[in-house]
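A.B. asks: Dumping the structure here so I can ask a few things about it.
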Amino acid sequence: MLLSEFLTRLLRDAPPEPRLWDFISNSIRLLDATDNRNSIANFHITFLISLSSMMGIQPDVSDYQDGMEFDMKSGVMAYPFNATTSGGYRIDATRSSFIPTLVRINYTNCGHFRFSGKERSEIVAAILKYYGLHFPGCDNLKSLDIFKEIFE
């Protein structure tokens, strides 16, 4: 339900894109074929992270070093600076330390990632906020509240 609402908003006015359709279609087939509970639980995270690359907004973590924050507007890791200049679109250094690992998640390895329900909810909310900055309307999904209730 969450991904359906998200894709509806993201692709509402988009022209047909065969490569994107193949990605979505193949992702659904993989989900349908898996019996690994952890892979299923992490599917939405894996899907959103993988899609970010196709949409041209995959976070750049190539220069990551301990103590850096993630600047969601520019999509890069950066050292902390005055929070008022970032407009509240930064993920603190503690939470950002996980982003380099998160961007490596894929359908092959997603079953190895262990998240609590609360962590899943926080990760998905942060990813949707990130998408919303780059594609207006993709955040504040109504189904996110239902998602949080299920996983928390």
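A.B. asks: Can you spot a residue in the range 129-138 that is within 23 Å of residue 27 (Cβ to Cβ) and modelled with pLDDT under 90?
C.D. replies: yes
A.B. asks: Let me ask something else about it. Output the number of residues of the range 111-152 satisfying the condition of being part of a helix (DSSP H, G or I) and either within 24 Å of residue 10 (Cα to Cα) or within 13 Å of the chain's Cα centre (by Cα) (or both).
C.D. replies: Within the range 111-152, residues that are part of a helix (DSSP H, G or I) and either within 24 Å of residue 10 (Cα to Cα) or within 13 Å of the chain's Cα centre (by Cα) (or both) number 26.
A.B. asks: Please find, within the range 1-36, the residue that is nearest to the chain's Cα centre (by Cα) out of those that are not acidic (Asp, Glu) and not in a helix (DSSP H, G or I). Spell out the reasoning first.
C.D. replies: As a first pass, look at the range 1-36 and keep what is not acidic (Asp, Glu): 1-4, 6-12, 14-16, 18-21, 23-31, 33-34, 36.
The next check asks that each one be not in a helix (DSSP H, G or I); those that pass are 1, 12, 14-16, 34, 36.
Values: 1: 16, 12: 19, 14: 20, 15: 23, 16: 23, 34: 21, 36: 21 Å.
It comes out as 1.
A.B. asks: Looking at 49, 45, which one is among the hydrophobic types (A, V, I, L, M, F, W, C), surrounded by 11 or more Cβ atoms within 10 Å (Cβ to Cβ) and either more than 18 Å from residue 119 (Cα to Cα) or in contact with a helix residue (DSSP H, G or I) (Cβ under 6 Å, 6 or more places away or on another chain) (or both)?
C.D. replies: Just a single option satisfies the conditions, and that option is 45.
A.B. asks: Just give me the residues in the range 42-75 being among the aromatic types (Phe, Trp, Tyr) and either within 20 Å of residue 111 (Cβ to Cβ) or touching an Asp or Glu at 6+ places or on another chain (Cβ under 9 Å) (or both), in sequence order.
C.D. replies: Across the range 42-75, the qualifying residues are 43, 47, 70.
A.B. asks: I need the helices (runs of 4 or more DSSP H) fully contained in the range 47-110, keeping only those with at least 3 residues that are farther than 18 Å from residue 128 by Cα.
C.D. replies: 83-86
A.B. asks: Mind telling me which of the residues 92, 63, 71, 139 ends up being in the same structural domain as residue 23 (by TED's automatic domain parsing) and either charged (D, E, K, R) or surrounded by 16 or more Cβ atoms within 10 Å (Cβ to Cβ) (or both)?
C.D. replies: 139
The values are calculated or read from the model by the stated rules, or taken from the named source; none is laboratory data. Not measured: the values here are computed from a predicted model. Note: ideal-geometry Cβ built from the backbone for every residue, glycine included; neighbour counts use all protein chains shown.
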